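To keep things clear, I will list the structure first and then write my remarks on it.
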Amino acid sequence: MQIVKKTAYKAELGFIYDGDSFNLKLLSSTGTESLGIICRLQWIDTPESQKANQTSSDPLILKHWEWAKKAKTALMDLTQNKALIAVPYELDMYKRWACDVYLDVSKSDGLLLSNNVQLKMVQSGLAVSLLPFNRHIYSVRESNLLRSIISAAATANRKKVGLWSEQKMILPYEFKKLSL
């Protein structure tokens, strides 16, 4: 089975690495074939998980790692034992597929914004928006999703939901710049 970019696949959840990356098993339309991939949720970023070789006594770093655990748990609660739909777009530099992922609540719902995993993570304040810099052409569905993610991130920030409730929070893109 080969992946066709921008195609919706029924998918089953595998191992969750952190709040925005996990293994998925994509199923063919006939259900007779499958392919395992590493999925990176497109257009969002969650706090970075503590790596095995990382230690710190800095309260801001410890708080960041705490939010990373919360994001991973929330993603697990949201997706575990659920039927999923994944739309892969492209491989990133770590060989993960940038994907939109939806909860497949019923055949008639399709790819509704209200079922989008990225949007739910941002609305809960456990993810921030991550703007795409390498793509400039979007379908109507993609444009609506991206606009909704950005809007939800701004709302979560304004209402101080989730990680936005912290007085001083190292955001994921800032955390990646640190040398630990």
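The values are calculated or read from the model by the stated rules, or taken from the named source; none is laboratory data. Predicted, not measured: the structure shown is a model, and the values here were computed from it. Note that we place each Cβ from the backbone using ideal geometry, even for glycine, and neighbour counts take in every protein chain shown. Only protein heavy atoms, including side chains, enter the accessible area calculation; ligands, DNA and RNA are left aside. Shrake-Rupley method; radii C 1.70, N 1.55, O 1.52, S 1.80 Å.
So here's what we get for this one:
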read-out: Sites K6 and S151 - FRET efficiency at Förster radius 22 Å, r taken between beta-carbons, to 0.05; value: 0.45
read-out: Candidates T30, T73, T46: whichever shows maximal mean-square fluctuation once the chain is modelled as a Gaussian network with Cα springs under 10 Å; value: T30
read-out: Probe 1.4 Å, accessible area per residue of the range 62-180, Å²; value: 56
read-out: Exposed GluC sites (Glu not before Pro) absent - longest run of the chain, DSSP non-H/G/I/E/B, at most 16 other C-beta within 10 Å; value: 34-165
read-out: Folded to 0 to 90 degrees: helix 59-79 orientation relative to the chain principal axis, Cα; value: 20
read-out: Relative contact order, percent, the chain [alpha-carbon distance under 8 Å, six or more residues apart]; value: 24
read-out: Fraction of accessible area attributable to carbon and sulfur, the chain (%, probe 1.4 Å); value: 55
read-out: Dipole moment magnitude, nearest 20 debye, the range 1-101 about Cα centre, only Lys, Arg, Asp, Glu C-beta charged; value: 160
read-out: Estimated FRET transfer efficiency (L91, L112; beta-carbon r; R0 35 Å; 0.05); value: 0.85
read-out: Mean separation of Cα contacts under 8 Å, 6 or more apart, over the residue count of the range 1-104: relative contact order %; value: 33
read-out: Fully extended contour minus Cα-Cα distance, from K160 to S179, at 0.36 nm per residue; value: 4.1 nm
read-out: Among the listed pairs K51/K82; K72/K176; K70/K168, those beyond 19 Å (Cα-Cα); value: K51/K82
read-out: Loop-exposed chymotrypsin sites (Phe, Trp or Tyr not before Pro) per DSSP, neighbour cap 12 Cβ within 10 angstrom, longest uninterrupted part of the chain; value: 1-93
read-out: Angle in degrees between helix 140-159 and the longest Cα principal axis of the chain, rounded to the nearest 10; value: 20
